[in-house]
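The values are calculated or read from the model by the stated rules, or taken from the named source; none is laboratory data. Just so we're clear, the structure is a prediction, and the values are computed from it rather than from any experiment. With ideal geometry, Cβ positions are generated from the backbone for all residues, glycine too; neighbour counts draw on all protein chains shown.
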Amino acid sequence: MSLVLILPIVIPMLSGVSILLAFRSRVAQRFLSLAGTAALTLAAVLLLAEVSQTGIRVDRIGDWPAPYGITLVADLFSALMIVLTAVIGLAVAFYSLVSIDQRRETFGYHALYQFLLMGVCGAFLTGDLFNLYVWFEVMLMASFVLMALGAERRQMEGAIKYVTLNLLSSALFLAALGLLYGAAGTLNMADLARKFASLTDAPSQGLVTTLAMLFLVAFGIKAGLFPMFFWLPASYHTPPAAVTAIFSGLLTKVGVYALIRVFTLIFVHHTELMRTVFLTLAALTMVVGVLGAVAQYDFRRLLAFHIISQIGYALMGLGLGSALALSGAVYFIFHVAIAKTALFLVSGLARQLHGTYDLKQLGGLYRSQPWLALLFLVPAFSLAGLPPLSGFFAKLSLVRAGLEAGEYVSVVVALAVSLLTLFSMIKIWVEAFWKPLPAGSAPASSAVKGWLAPIAALALVTVAIGLGAGPAFGLAARAGAQLLDPTTYIATVLAEAP
Amino acid sequence: MNSLILQTTTRYLLPLLLLFSIFLFGRGHNEPGGGFVAGLVAAAPFALYSIAFGAREARRVLRIDPRWFIGFGLLVALTAGLLGVLLGRPFFSGVWTYLVVPGLGPIDLGTPMLFDLGVYVGVFGVTLTIIFAMEEAD
Amino acid sequence: MEIVLAFVIGGLYAAAVYMLLRRSLVKMLIGLALLSHAANLLIFAVARLTRGRPPIISLGAEDLASPYADPLPQALILTSIVISFGVMAFALALAYRTYRTTGTDDLDAMRGSDR
Amino acid sequence: MLLAAIGSGFVMALLAPGLTRRLGRAAGWVFAILPVTLTLLFAGAWSAAADGAPITTTLAWVPELGLSLSFRADGLSLLFALLITGIGALVVLYGGSYLHGDRDLGRFYSWLFVFMAAMLGVALADNLLLLFVFWELTSLSSYMLIGFGHDRAPARQAALQALLITGGGGLALLAGLVLLGVGAGTFEISALLGQGAAARIDPLYVPAVGLILVGAFTKSAQFPFHFWLPNAMEAPTPISAYLHSATMVKAGVYLLLRLSPALGGTELWTLVVGGVGATTMVLGAVLALAQTDLKRLLAYSTVSALGLLTLLIGIGTPRALEAAVVFLLAHALYKGALFLVAGILDHETGTRDITRLGGLWRGLPITAAAAGGAALSMAGLPPLFGFISKELAYEAALAGPGGPALIAVVVIAGIGFVVVAAQVGLAPFWGRRPTDEGVAHAHEPGVSLWLGPMILSLASLGAGVFAGAVGGWVGPAVASATGTPVTVRLALWHGLNPALWLSLLTLAVGGLLFAARRPIRNGLSRLNPVLGADLGFQAGLGGLNAVAQAQTRFFQNGYLRFYLLMVVATTILLVGGTLVSQIGVGWPLDVLDVQAHEVVFGGLILVAALVAITSRSRLSAIAALGAAGFGVSLIYLWYGAPDLAMTQFLIESLTVILFVLVFYHLPHFTRLSSPGARARDIVIALLAGGLMTALVLTVLAVPLFPSISGYYGAVSAAEAHGRNVVNVILVDFRGLDTLGEITVLGIAATGVYALLKLHPRNPAVGPVYDSARSEDGS
């Protein structure tokens, strides 16, 4: 047993519950939120250190043996995702303190935020598919409320779409789980992997692949794949910037995580078919997403469309399926979550300064906010894949993996999309930073020092995993190797000799 | 809904349903029942009360803000999970003892039952928070 | 029996999907409710049915007497029912607030966030 | 040492804004210390390179990707490094005066130093990917520098264009380099060069080289990507001199020289590199004649010069490569000087229009001298270095594989240089002085402005006079490009050979064209837009935007039912398609097993569902929904799930109550969809339902593994102290699920509470929103 495995779930839950109980004191809530995320960060780093040193760790909840009880599993991929959650969680928690209005706080913002983190961490750690569903629901429910909290018109219009499509996804997930249990009689992922690996006849493999498709759709909706992403651009730009930022950093990533997890562990039949499906979906997702971004003139909506195109890259890594590709996907997810969150925080600050997200009405920020300009450039150029920032290494690894695999179409699409990404980042830069503030726009308002700190922290992480890509990518490479060969995972969970 | 019959019935149902809920809770580990169902049953009379007399009146009878039960229930449930950890065992490990009740013999008591109690309290709070809020919707 | 249930499940899914595709917010909610019934019943059905043998160990016995209904899917469905309830309650509140805020229940009129 | 040399530039970039503010006027002089030091350092490394044992540094960076921090200072690298730091020092000094008083001077220096460091990285990198890292950084810093005057829209547009072209080319380059590295098995350039990479990566040679060439051509402004360079003249003049003539645009040329031992010598290489170079060269020469703006004139002639360099590399003989290296040096010296002179003229007279300039030698004698020297070198007159380089180029063309056509195009370029040199370096200073106020009263600038062009001009002269020494000096650089040791002998006098005759012809024709420059200009300016690929670029951008808008309007159209439809359709296609193609639908079950009341339960649910979806009344729809739920709970009860039945029953009742409470506030049902839409939805719904039925039947027909549930029955009573196995699973075996479940409930309740109580128009809860912070966009 390993205590560090439950901390990422217990800490946010404890913080969330305490905040709920302290619903009368805003000050206590704010303190608890910050303390909770700080503790979570600490726990996450401990977890990563332990997993990195001693290999895959499991914790059998309730002391029941796998596959009968629920098992928490932390391999490097999980541990990295937990660290990611904690880092983003801490930065956005801080940003929330300065940017979220009092009324949202009074109505449980901070508690919901903690529960969101709890759900995300649970999803990253669980080794049980139904338990994954539960964590998905925790995360979703919290995100539903955060999305709708404040009840402004745009928000409600967005929330309706967000909620409905995600509920459809949950229903599909649930159906897929039921069918899977009916077929395999177990829910433990390692157990499923072991059992499915022993199937050799065509009808059985066909059934497994059919179920795999159902999971692909269910997770694909959450991940924001084409043509199931519509909820995202419809809603992500409606709640306050802090909410958009945490959503963009974590939620779709949970979907991608789930895809990578089940398709490297459980559903490994029909690799050729799945490869074709994944690479096709990845290419379409990239292209449609980035063109959506190109069409936007709203700071946040532009960024929201980019989330989609970037999910395409992660899926491309999964589709290519080699060690390098999976490492690239892991590194990519980590990089993009950090950079994207930072950019959303920048957009929120731009809006705080000039009262709008409309790029046509923004301007002059290079002169008026030099630090903000720098803090925009780092994640923006990183996202566009410019070296030596983190996005470059992500792009390079996927391009190299694609060329090695001979998947030239995917590589061409990935590169073209990266150019369009640069194009749209530059659009923001030109409109909001370089262009003089248009006549008639609101002049910059109040001081915003506190808003910059969390952005700076995330930008630093981007720079650190870029310049320090040696160790950072090395970690991702080890995670990728674990994903590629799940025998250790299965053996560790089921407590067998490998 | 200002029905005299409903109002009268509600007054009498309140203690009865609360007792029934405790019964359901108690047998849940061995027979159909359990914390969730019991919590719903316990909430039912207050829900009826709010329909009969209005949410304001129901809140007065309950005295405590139902939102508080949510947090408390969750906390109890989490604590039940953590007790095993304090004894050096995994999260949610069952810790059992027994209580000798005169006439009934030994009764097993364990953290899973404490956990179920958390569920009971939480569900009670959740149901009433929702019902009251919807009752009060303008 | 599973055959009958398979068609009931299909019928529920069809009804749910049809309602989800309506323009009316209220109808969509009914679609969501039907969807959770369908999913729960599906879990129940594919885990194979056993008539009238609840998974409760008789007093004094150590083990479940075979045949008995599979307890695990039951537990899963219970969890799912409860979660669906929470989700449904929230969706109802959301619909209420949406209607109050936008003044319509026509989903086609709620395109502002996509423009 | 190499790492420190490059790193120092980046450090300087960080310090520059603060230092600029402190140093004031002295900034340029102080900042120049770094590049001067580096110049001396690189000069010191020369002998090692000449001895064939160049300085190298290697550090691991990202071994998984083939990326290492390896640097190597051989002859070619050092030649470039010296140009970068040497001209860099002059530009740093010049920039301080040129932009004195500009509030963005600190940023100017920052990006300038980023560029300088990055460019050194390109020149010194010994790893393909590392080279690419610095390559992209030069594009980025170039973007920032072109857009220095970002208050003006043309500067922003020119910067964007340059970035997109070079950035796009960069991506091609990346793919090409990765192909090359993967194919050759190494990303280390020095390891690659010796081993005949062209043959080793055989099937991938064409795509790899093609992609690398695209990268090099975009960077070095080769046709059809040439147009960004003249537009980049939006940059401050010191930047144009440094990036867009002396150094950055030569990065593509450098790459070609660098890789030519490994990749050159093939037919493809000669044809493509030579052909593109020739086209660019002629195009640049012709378009230059149409310009009146000093800087654009110089820019087009730079395009032409880059074309000549590319052509020479394409020819690829040792003689041609030698000519390329020598011309590269000559061009950097005179073109840098001329750009700086153009900047002085702009600075002192306020105009860059050559038709308005003349007779300035009286006011600016020193500048006139510097300009004259550079112009004569550019025109290829002895004893300046330009003469030697031109002779070499002609000789290479004469001995090259292209015959008279090749000779002709090279001569055309030479003629173009003569005309441009005369227009930029001579015409503004001599002849009639215009009445223009600013021009008439122009006077000599401060030393920090004229020092740069003067030094460069003197260098052109010195290199010509001491050609022998210079020849020994560029030998190692040429050796790097040919891949074999060579001895370079340079001299002013080559005898009365064909090249000299061609030179004389060039001068004569050039002089004639200069005399006829006005009519030629008028004629050509009508042609200019037609040739401008610029228009194509703009049209491309417009098309991209149009496509993006159209597809986004189509997909993200705001209709929830469309979104749902897409998801359902995807499910049907992906899952249904796999089901049908992989297994087919199973039908294994014993129909006779069905009992009558089971059919009744099922029927009840279906009828209830049907009523719920067809009812015109909200209340009966809710009632029917409830009935369906109760039907489901009956099934649970019948099949041994009393806990489920009880819970479902209670929850269903509660849900019905909630529905009633909410629907009370909501409007009545209305028919909104058209009959056609309804018919389509019915089909989709039936397909979806059919799919789920098929899935259920298939899973029942193809059982794979038995359930693990036996375990729970066996240990529930003994170890978990409970006889109701379902309840024990909920609170013990899978307690974590239940913990999550009640958390969901708690969140939902919080959400319901918040949604019902918190809204922008509820005055009862706290202060009303500050409208500036409202997210509604209002």
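Filtering the stretch D:639-653 to residues that are at the interface with another protein chain (Cβ under 7 Å from one of its Cβ atoms) and part of a helix (DSSP H, G or I) leaves D:PRO642, D:ASP643, D:LEU644, D:MET646, D:THR647, D:GLN648, D:LEU650, D:ILE651.
The residue list A:VAL73, A:VAL138 contains one member that is β-branched (Val, Ile, Thr), part of a helix (DSSP H, G or I) and at pLDDT 95 or above, which is A:VAL138. Checking each residue in the stretch A:107-135 for being facing chain D (nearest Cβ under 7 Å), farther than 23 Å from A:THR41 by Cβ and modelled with pLDDT of 95 or more picks out A:PHE130, A:ASN131, A:VAL134. Say whether the condition of being part of a helix (DSSP H, G or I) and more than 14 Å from the chain's Cα centre (by Cα) is met by at least one residue in the stretch A:355-365. Yes, the stretch A:355-365 contains a residue that is part of a helix (DSSP H, G or I) and more than 14 Å from the chain's Cα centre (by Cα).
Let's see how each residue does on (1) more than 12 Å from chain D (Cβ to nearest Cβ); (2) surrounded by 17 or more Cβ atoms within 10 Å (Cβ to Cβ); (3) over 27 Å from A:SER322 (Cα atoms); (4) not polar (S, T, N, Q):
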{"residue": "A:GLY440", "(1), (2), (3), (4)": "yes, no, yes, yes"}
{"residue": "A:SER445", "(1), (2), (3), (4)": "no, no, yes, no"}
{"residue": "A:LEU460", "(1), (2), (3), (4)": "yes, no, yes, yes"}
{"residue": "A:GLY466", "(1), (2), (3), (4)": "no, yes, no, yes"}
{"residue": "A:ALA469", "(1), (2), (3), (4)": "no, yes, no, yes"}
{"residue": "A:ALA472", "(1), (2), (3), (4)": "no, yes, no, yes"}
{"residue": "A:ALA476", "(1), (2), (3), (4)": "no, yes, no, yes"}
{"residue": "A:ALA479", "(1), (2), (3), (4)": "no, yes, no, yes"}
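Determine, yes or no, whether A:SER25 is surrounded by fewer than 17 Cβ atoms within 10 Å (Cβ to Cβ), free of Cβ contacts under 8 Å to residues at least 60 places away in the same chain and more than 9 Å from every other protein chain (Cβ to nearest Cβ). Yes; evaluated as a whole, the condition is true for this residue.
Conditions tested, residue by residue: (1) within 29 Å of D:GLY740 (Cα to Cα); (2) outside any loop (DSSP other than H, G, I, E, B); (3) more than 23 Å from the chain's Cα centre (by Cα); (4) among the basic types (Lys, Arg).
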| residue | (1), (2), (3), (4) |
| --- | --- |
| C:VAL8 | no, yes, no, no |
| C:ALA15 | no, yes, no, no |
| C:HIS37 | yes, yes, no, no |
| C:LEU42 | yes, yes, no, no |
| C:GLY52 | no, no, no, no |
| C:LEU78 | yes, yes, no, no |
| C:ARG100 | no, yes, yes, yes |
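Taking the stretch B:3-32 only, how many residues are of a type in the set (Gly, Ala, Ser) and either modelled with pLDDT of 85 or more or assigned to a helix (DSSP H, G or I) (or both)? Total satisfying the criteria: 2.
Which numbered condition trips up A:SER52, out of (1) buried (at least 17 other Cβ atoms within 10 Å of the Cβ); (2) in a helix (DSSP H, G or I)? That leaves (1) as the condition not met. With a requirement of 3 or more residues that are out of contact with any Ser or Thr (no Cβ under 6 Å at 6 or more places or on another chain), the helices (runs of 4 or more DSSP H) lying completely within the stretch D:657-740 that satisfy it span D:675-701, D:710-720. In the stretch A:383-402, which residues are basic (Lys, Arg) and either touching a Pro at 6+ places or on another chain (Cβ under 6 Å) or at the interface with another protein chain (Cβ under 7 Å from one of its Cβ atoms) (or both)? Hit for the stretch A:383-402 is A:ARG400, nothing else.
Summed over the stretch A:28-51, the residues that are hydrophobic (A, V, I, L, M, F, W, C), under 20 Å from B:ARG67 (Cβ atoms) and touching a residue at least 24 places away in the same chain (Cβ under 8 Å) give a count of 1. When the helices (runs of 4 or more DSSP H) confined to the stretch D:86-184 are screened for residues that are over 18 Å from the mean Cα position of the chain (by Cα), those reaching at least 3 such residues are found at D:105-124, D:153-184.
So that you can scan it fast, the table gives a plain yes or no per residue for (1) aromatic (Phe, Trp, Tyr); (2) within 21 Å of A:LEU187 (Cα to Cα); (3) touching a residue at least 60 places away in the same chain (Cβ under 8 Å); (4) more than 7 Å from every other protein chain (Cβ to nearest Cβ):
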| site | (1), (2), (3), (4) |
| --- | --- |
| C:TYR13 | yes, no, no, no |
| C:ARG23 | no, no, yes, no |
| C:ALA39 | no, yes, no, no |
| C:PRO73 | no, yes, no, no |
| C:LEU78 | no, yes, no, no |
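Counting the residues of the stretch B:56-77 that are over 16 Å from the mean Cα position of the chain (by Cα) and buried (at least 21 other Cβ atoms within 10 Å of the Cβ) gives 1.
The set of residues in the stretch C:38-69 that are of a type in the set (Asp, Glu) and touching a Gly at 6+ places or on another chain (Cβ under 9 Å) contains only C:ASP63. Scanning the stretch D:138-159 for residues that are surrounded by fewer than 23 Cβ atoms within 10 Å (Cβ to Cβ) and within 7 Å of chain A (Cβ to nearest Cβ) turns up D:HIS150, D:ASP151, D:ARG156.
Conditions (1) modelled with pLDDT of 85 or more; (2) under 23 Å from D:LYS335 (Cβ atoms); (3) in contact with a strand residue (DSSP E or B) (Cβ under 9 Å, 6 or more places away or on another chain), marked per residue:
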residue	(1), (2), (3)
D:GLY416	yes, yes, no
D:ALA421	yes, yes, no
D:HIS443	no, no, no
D:ALA481	yes, yes, no
D:THR484	no, no, no
D:HIS494	no, no, no
D:LEU504	yes, no, no
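Filtering B:LEU83, B:LEU40 for residues that are within 11 Å of another protein chain (Cβ to nearest Cβ), modelled with pLDDT of 90 or more and out of contact with any Pro (no Cβ under 9 Å at 6 or more places or on another chain) leaves a single hit, B:LEU40.
With the condition kept exactly as written, say whether any residue in the stretch D:355-364 is part of a helix (DSSP H, G or I) and aliphatic (A, V, I, L, M). For the stretch D:355-364, residues part of a helix (DSSP H, G or I) and aliphatic (A, V, I, L, M): absent. Identification of helices (runs of 4 or more DSSP H) wholly contained in the stretch D:377-454 with 2 or more residues that are surrounded by fewer than 24 Cβ atoms within 10 Å (Cβ to Cβ) and among the β-branched types (Val, Ile, Thr) yields D:403-421.
For the stretch C:1-10, filtering for residues that are at pLDDT 90 or above and surrounded by fewer than 24 Cβ atoms within 10 Å (Cβ to Cβ) leaves 1.
Just so you know, in the stretch A:91-106 the residues that are buried (at least 24 other Cβ atoms within 10 Å of the Cβ) and in contact with a Ser or Thr (Cβ under 8 Å, 6 or more places away or on another chain) include one that is nearest to the other protein chains (Cβ to nearest Cβ), and it is A:SER96. Restricting attention to the stretch D:560-577 and to residues that are more than 7 Å from every other protein chain (Cβ to nearest Cβ) and not aliphatic (A, V, I, L, M), the residue that is nearest to C:ARG22 (Cα to Cα) turns out to be D:PHE562.
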